[in-house]
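Heads up, the thing below is written out as structure tokens.
Read-outs throughout are calculated quantities, based only on the coordinates presented, and are distinct from any laboratory measurement. What you see is a predicted model; the values in this text were computed from it and never measured. Glycine also receives a Cβ, built like all others from the backbone with ideal geometry; neighbour counts cover every protein chain displayed.
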Amino acid sequence: MVKFTLIIWVCSFLGDNLCASPIQSNIVYDSWYECSRDAHKHSLKIISEIGYKKVNDNKLGTRYMCRVLDTI
């Protein structure tokens, strides 16, 4: 069975789309659906913690990837 791990980046969408170091979840997901759904939940939390002014001033947003894990 295919498993996934979630990786999220906080990026500035001003010009060069610079991103901070990735945040990797310790959770192993059984489906793309679960991983993708959690990506949006975690992104909302991250953006909320950064705050309205900083997000607006720096045009911050998140990017995510649900990476397939190598399973034995």
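Below are the figures for this structure:
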{"item": "Theoretical ellipticity at 222 nm over the chain - DSSP helices of four or more residues, -39500 (n - 2.57) apiece, nearest 500", "result": "-11500 deg cm²/dmol"}
{"item": "Footprinting exposure proxy for Asp38, Asp30 (fewest neighbouring C-beta atoms within 10 Å first)", "result": "Asp30, Asp38"}
{"item": "Residue-wise HN-Hα coupling along the range 50-57, computed from phi with Karplus coefficients 6.51, -1.76, 1.60 (Hz; x: Gly, Pro)", "result": "5, x, 3, 5, 5, 5, 5, 4"}
{"item": "Counting all C-alpha pairs of the chain, share separated by more than 16 Å (%)", "result": "50 percent"}
{"item": "Where labels lie 7 Å past Cα in the beta-carbon direction, separation of Ala20 and Tyr52 in nm", "result": "2.0 nm"}
{"item": "Cβ-based exposure ranking for Ile50, Ile8, in which fewest neighbours within 10 Å come first", "result": "Ile50, Ile8"}
